[in-house]
Amino acid sequence: MVKLSDKEKDALKQINSKLTNLIIVLVLFLGGVRLMLYPPTFLENSSQQIVKEEIDPELIEQGIHVASGLIAAEGYELVNQNCGNCHSYKLVTQNRNTKEGWLETIRWMQETQKLWDLGENEDPLLNYLSTNYGPEETGRRKQLVVTEWYQLN
Amino acid sequence: MDKKDTDKIMTNDFPRREFIKNASLATLGTLLGGKIVFAESFPKGLIPEALLLEESPFTISGKNNGLIVLNDRPINAETPPHLLDPNVTPNDIMFVRNNGIPPKEVNVNKWTLTIEGESAEQTKTYTIADLKSKFKEYTYQLTLECGGNGRSEFTPPAKGNQWTTGAVACPNWTGVKLKDVLKDVGIKSNAVYIGYYGKDTHLSEDPTKVVISRGVPIEKAMEDEALIAWSMNGEEIPYMNGAPLRLVIGGWPASTSGKWLSKIVIRDKVHDGPKMGGKSYRIPKNGIAPGTKVPDEDYEIIESMPVKSLITFPKTGAIVKANQEFEVRGHAWAGDLEVKAVDVSIDFGSSWISCSVTKPVNRLAWQHFSTKITLPESGYYEIWARATDIQGKSQPMVLPGWNPKGYLNNACHRIAIKRL
């Protein structure tokens, strides 16, 4: 057997430990990748699923601010700044109301839901909402909308 | 994180985003099956930012992908009519209505229910095991419908989640009778109402704010079918539907059936928790013209839900051949009452075809109607369904009385059909 000097032994130990570190990091990294690709089932049980790709916070497509789903008209940034903190933008986009009606909602949120004073932003915000999410007169019954006709067997 | 904590998370649903956000590298190490030795040098990009994005499409734990998500914070989702076709609503089909954020941790073994209040003889706390061992277990099929189901049709529009027809379900619920537990605690003779508290948290993340605390008059609470339930269709209640413990008060707005139930108060007055007053789950006492403003004191609390029906087969948009006979079927329910009859029309309400209607399997369970139809000539049709309760009240063809929050829309359900 080859006799090693203490210096050589130290060098070998260092290489050995560096290799081990490298392997551990590699294994952990691959484990991490696996965790992302094949999440454990208890994570699947979670309340919310994951998006595959990051949404560009600035992206606007076909007049819609993609990250929030808001109509990208004058003043939508005010909604981004003031409305997305507590609830989903879906709560905005699925509703329709007059300026007065939206103001009522804002007052209710200020009284009971801890919404802050909107100051000079209140009026432009209300204008944005009532212009882009104003009421539609649908009468006493809406027409049926069929998204997909299919053959009944 | 020690092993015990890991177990707790692994045996319970846990919102993924929260989990990822809160997870330290050591936690991730535990998940990977080993301690992370070089936590400091661990690649920073391991958890992509996309995991943490706020406004992102997602599916809801334990729920069918066919559910329509109205709102993802708080999570609210409704069921399209054709998915409600089974007589007993499956767990993954039931709608989700949240006012706040569901509890982050649900530990079944440590969960407790406390009964107290001015009209309770004492304060008493039960574990779920206590409830199971002390009281007799019952299973009932009970209809839960959100008071705002159908809100989307009202004009002037009413604010809130814009439910169409899908905030209704009728699964089997297993638990103990609310009245058995209330009696075990002792009810004073001056009891008027009960109120519930749950473990969900306020959207503003203020821990001192109660999300919702509603209830029912003591008489309704003492009915045979009012349950404290831990099981739905023989399985655990889905996390989003209130696991591990909830109230089930059939026939009344589903907001009276508190989820993630942790406390019941026996009150000597009408319960005054959040969403009992103002315009919440209340309608003007007297009829008003659409758009009228009404002072809060002129409102009353919604009690029994009105008569209603839903065509679950065929799915809207069906094309049938000449002379093709097909079944039209669905469910009908009437709050505290039974449904006496269901009729369908293929000519916009000019004439009506009487359907066969089953008896409810128990009180407050929905009933099933069906009939066979052949359309007389080619063209566009709508099939309308109209249920009538045992007191003779039928569903209106157009929207019922407008109310500011858009509750109680029981206008007849319609589907579109074409005959070749």
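The values are calculated or read from the model by the stated rules, or taken from the named source; none is laboratory data. Note that this is a predicted model, so its numbers are computed, not measured. Ideal geometry is used to build each Cβ from the backbone, glycine not excepted, and the neighbour counts take in all protein chains shown.
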Mind listing just one residue for me: the one in segment B:185-201 that is in contact (Cβ under 8 Å) with a residue 40 or more places away in the chain and surrounded by fewer than 18 Cβ atoms within 10 Å (Cβ to Cβ) and, of those, farthest from residue B:232 (Cα to Cα)?
-> B:190
Leading residue by the ranking (nearest to residue B:326 (Cα to Cα)) among those in segment B:352-380 that are within 23 Å of the chain's Cα centre (by Cα) and in a strand (DSSP E or B) | B:369
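Quick grid of which residues meet (1) more than 25 Å from residue B:108 (Cβ to Cβ); (2) modelled with pLDDT of 95 or more; (3) in contact with a Gly (Cβ under 8 Å, 6 or more places away or on another chain); (4) of a type in the set (A, V, I, L, M, F, W, C):
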| site | (1), (2), (3), (4) |
| --- | --- |
| B:169 | no, yes, no, yes |
| B:189 | yes, yes, no, no |
| B:196 | no, yes, yes, no |
| B:237 | no, yes, no, yes |
| B:246 | no, yes, yes, no |
| B:260 | no, yes, yes, yes |
| B:264 | no, yes, yes, yes |
Name the residues in segment A:51-68 that are within 11 Å of another protein chain (Cβ to nearest Cβ) and under 14 Å from residue A:128 (Cβ atoms), would you?
-> A:65, A:68
Taking segment B:381-400 as the search range and keeping residues that are in a loop (DSSP other than H, G, I, E, B), away from chain A (no Cβ under 12 Å) and not small (Gly, Ala, Ser), which one is surrounded by the fewest Cβ atoms within 10 Å (Cβ to Cβ)?
-> B:391
Which condition breaks for residue B:130 when tested against (1) free of Cβ contacts under 8 Å to residues at least 12 places away in the same chain; (2) touching a helix residue (DSSP H, G or I) at 6+ places or on another chain (Cβ under 8 Å)?
-> (2)
Residue tally, condition assigned to a loop (DSSP other than H, G, I, E, B) and of a type in the set (Ser, Thr, Tyr), over segment B:100-136 = 2
Complete set of residues in segment B:81-99 that are in a loop (DSSP other than H, G, I, E, B) and within 14 Å of the chain's Cα centre (by Cα) = B:89, B:90, B:91, B:92, B:93, B:94, B:95, B:98, B:99
Of B:164, B:139, which residue is outside any loop (DSSP other than H, G, I, E, B), surrounded by fewer than 23 Cβ atoms within 10 Å (Cβ to Cβ) and at pLDDT 95 or above?
-> B:139
Are there any pairs, at least 6 apart or on different chains, whose C-beta atoms fall under 7 Å, with the first in segment A:124-147 and under 17 Å from residue B:162 (Cβ atoms) and the second small (Gly, Ala, Ser) and exposed (fewer than 15 other Cβ atoms within 10 Å of the Cβ), and if so, which?
-> A:132/A:73
Within the group A:91, A:103, A:118, which residue is at the interface with chain B (Cβ under 10 Å from one of its Cβ atoms), surrounded by 15 or more Cβ atoms within 10 Å (Cβ to Cβ) and out of contact with any Phe, Trp or Tyr (no Cβ under 9 Å at 6 or more places or on another chain)?
-> A:91
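Residue-by-condition table, conditions (1) touching a Ser or Thr at 6+ places or on another chain (Cβ under 8 Å); (2) assigned by TED's automatic domain parsing to the domain that holds residue B:223; (3) buried (at least 16 other Cβ atoms within 10 Å of the Cβ); (4) farther than 22 Å from residue B:167 by Cβ:
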residue	(1), (2), (3), (4)
B:266	yes, yes, yes, yes
B:271	yes, yes, yes, yes
B:283	no, yes, yes, no
B:295	no, yes, no, yes
B:313	no, no, yes, no
B:323	yes, no, no, yes
B:355	yes, no, yes, yes
B:379	no, no, no, yes
Please tell me if residue B:218 is β-branched (Val, Ile, Thr), closer than 30 Å to residue A:87 by Cα and modelled with pLDDT of 95 or more.
-> no
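Would you kindly identify the strands (runs of 3 or more DSSP E) lying entirely within segment B:275-351 that contain at least 2 residues that are within 13 Å of chain A (Cβ to nearest Cβ) and touching a residue at least 12 places away in the same chain (Cβ under 8 Å)?
Per the criteria, B:308-313, B:318-320, B:325-333.
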